[in-house]
Amino acid sequence: MTDLDLDPIRALLAAATPGPWYSEWVPDDDWIVVYGQPHGAYVCPEVCTLTDDADAGLIAAAPHLLAALVDEVERLRAELAAAREVRHGCPLDSDDQTPRKDNS
């Protein structure tokens with residue numbers, strides 16, 4: 001598996017309407033609207049309209065969840081790199097976890 005390039009995800013998050021995002025059911029129109037919070041004010045532009053509350057909840061949570069997932073991937077990559085550094089002196093092959101054969 002190739003490493004996921006996190007830069008495009010970070011760029012999309014940076015360009016999106018700032019959060020927090022939330023969803024609200026509009027009873028007169030019988031749909032759900034997802035809003036974002038631009039520039040720290042509660043002037044909420046419409047992000048999308050939906051008829052399914054589960055979809056609206058996922059879309060409203062997506063920016064926060066994506067940012068958290070990107071942070072977690074970066075943390076785990078750093079942890080893996082540190083573990084590989086520690087393992088560097090161990091008698092293991094670099095491509096797998098198979099102990100090297102001692103040819104002495």
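The values are calculated or read from the model by the stated rules, or taken from the named source; none is laboratory data. Small disclaimer: the values here were computed from a predicted structure and weren't measured. Counting neighbours? That spans all protein chains shown, and the Cβs are built from the backbone with ideal geometry, glycine included.
Annotations for the structure displayed:
- Among the residues of segment 16-37, those identified as more than 16 Å from ALA61 (Cα to Cα) and either among the polar types (S, T, N, Q) or not in a loop (DSSP other than H, G, I, E, B) (or both) are VAL26, TRP31.
- Subset of segment 67-78 (residues that are of a type in the set (A, V, I, L, M, F, W, C) and within 10 Å of the chain's Cα centre (by Cα)): ALA67, ALA68, LEU69, VAL70, VAL73
- Filter result for HIS64 (over 18 Å from the mean Cα position of the chain (by Cα) and either modelled with pLDDT under 70 or loosely packed, with under 14 Cβ neighbours inside 10 Å (or both)): no
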